[in-house]
């Protein structure tokens with residue numbers, strides 16, 4: 001404004017009075033222009049205090065607002081047919097199938113070994129070639145190996161009690177094994193009876209008491225045995241017969 005007034009003053013001195021009035025009217029018209037908002041004061045020049053910031057929202061509200069709604073964008077539960085297909089794919093995989101086959105073979109081998117140990121006597125009697133293997137296995141497991149006991153397969157083909165001299169007698173018998181398997185040697189019970197069938201004397205011969213060196217009867221074979229006995233019944237005790245019986249103790 002001062003510079004404009006200075007210019008107008010200079011022109012009023014140099015020009016006529018009418019020109020001065022015309023310039024004055026133009027200045028008045030120009031001064032009626034809309035006011036331009038003032039520029040904000042520079043930092044440090046303004047005394048006005050800055051507006052106070054809005055208080056922060058509580059932490060709990062912020063956390064609640066930051067979480068999406070329970071129903072919004074939540075993944076659906078896995079369908080049942082998808083789980084079933086995944087299980088089928090797992091059990092159908094080559095690795096799982098090979099493992100199951102190996103496990104089945106191992107269990108079958110263990111079951112077969114258990115059966116072989118329990119039936120070792122019959123198995124060796126039927127397959128003598130397996131005897132070394134079963135003997136070795138019994139050495140590890142602490143079991144014994146003995147012939148099969150089948151008393152129904154043993155019959156007495158013949159038996160005879162003969163008095164030799166004084167109280168000395170001989171009892172001869174022949175045993176027959178009718179089984180195709182090797183069977184264990186039985187025990188023998190010899191009973192003397194009087195004419196009324198009453199028992200006068202009885203004696204038992206265990207397998208280890210037999211005068212033979214074998215502990216088994218061969219399949220379908222016969223075994224002849226002769227026992228030497230000393231029988232003292234006393235005076236006036238008549239003997240009419242005897243009975244022979246084989247059994248397993």
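Throughout, read-outs are computed from the coordinates displayed, never taken from laboratory work. All of these numbers come straight from a predicted model, not from anything done at the bench. Don't worry about glycine lacking a Cβ; one is built from the backbone with ideal geometry, like all the others, and counts go over all protein chains shown.
The label-point distance for residue 189 and residue 93, in a model that sets each label 7 Å from Cα toward Cβ, rounds to 6.8 nm. Here the alpha carbons of the stretch 151-247 define both size measures, Rg and Dmax, at 14.5, 48 Å.
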